[in-house]
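Single-structure report; data block below.
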Amino acid sequence: MLYDLIILGGGPAGTAATVYAARKRLKTLFVTESFGGQSVVSDDIQNWIGETHITGFDLAKKFEEHVKSFGDIVEIKIELAREIKKTGENFTVKTDSGEFEGRALILAIGARRRKLNVPGEQKFEGKGVAYCSTCDAPLFAGKKVVVVGGGNAGLEAVVDLFPYAEHITLLIRSDSMKGDPATQEEIKNNPKAEIIFNAEIKEILGDKFVTGLKYQDLKSGETKELELGGVFVEIGSVPNSELVKDLVEIDQWGQVKIDSKHASTSCVGIFAAGDITDDPYKQNNISAGDGVKAALAAYSYLQKRSMVK
């Protein structure tokens, strides 16, 4: 079967794109490993428009229900895309169950947070270990927290936490901050903030939730321990662009470059939305809006090919 559109990714961008593609009556193949995206591990999402509080699990269920509500117009494959090829004007996506051809393609396979890869990190993800200060800062009201990372992401996380956390310790592996100078000054001048340089995280501690961490002072070699209620890991993310690096233009960080007006990539017929792109704002609501844009742009593209009536 030749599909009008193949959409890869089950987070906010891919789900929103699928909903709008279905409303345009495009015969759509929706391929994702699971519904929900990166936020599926969050116990309390407070910035999804229309929901004051919702768990990542519940949001993922809503995504799934909405996509399935369109019936046969959307075919769902719960599996990973293994390979993407351009075949003439069309595209072929290979999964474990076969190969599928589409006239257009939307990439919404997101990114993965760069991890510390230390004991306790995976165990307490969503239980005190967080990767998005904009999303999760309010959950740490009145708590002592650590932010790991000395670049702009780490500095901005500290600022995001100022209105909520009791105390914020910024742990930096090197001997200097590398982020925006104005933000550096803001942090240095706020009594809530403490900066520790030459610190390498060794373990995140806890029972049901995070209670502390161990780090090594890289100058003295001494291992030290902090008591706290949360750890924000802000050391960047890695876009899931490996599959398409030979098809579309990507930037030095592996993000897919897009024309933000039309969600189009350097390859005609391929559109992209969400955290895989070079959009600077990595937020669920923005990803959903960009997914809508990608679907509408794909529909316009297919109309111009005179393949959709």
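Since every read-out is calculated from the coordinates, none of them should be taken as a lab result. Nothing here was measured: the structure is a model prediction, and the numbers come from that model. Positions of Cβ are backbone-derived with ideal geometry, glycine not excepted, and every protein chain shown enters the neighbour counts.
Listing for the model above:
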quantity: Local electrostatic count at residue 83 - Lys and Arg +1, Asp and Glu -1, tallied over other residues with Cβ under 9 Å; calculated: +2
quantity: Where labels lie 7 Å past Cα in the beta-carbon direction, separation of residue 220 and residue 69 in nm; calculated: 5.9
quantity: Gain on full stretching of the segment that runs from residue 238 to residue 61 - 0.36 nm per residue minus C-alpha separation; calculated: 61.2 nm
quantity: Between helix 152-161 and the chain: long-axis angle, C-alpha atoms, 0 to 90°, nearest 10; calculated: 70
quantity: Residue order, fewest to most beta carbons within 10 Å, for 132, 267; calculated: 267, 132
quantity: With Cα atoms, 0 to 90° folded angle of helix 284-304 axis to the chain main axis; calculated: 20
quantity: Folded to 0 to 90 degrees: helix 12-23 orientation relative to the chain principal axis, Cα; calculated: 20
quantity: FRET efficiency for residue 262 and residue 285, using Cβ-Cβ distance with R0 set to 22 Å, rounded to 0.05; calculated: 0.65
quantity: Estimated FRET transfer efficiency (residue 94, residue 51; beta-carbon r; R0 41 Å; 0.05); calculated: 0.70
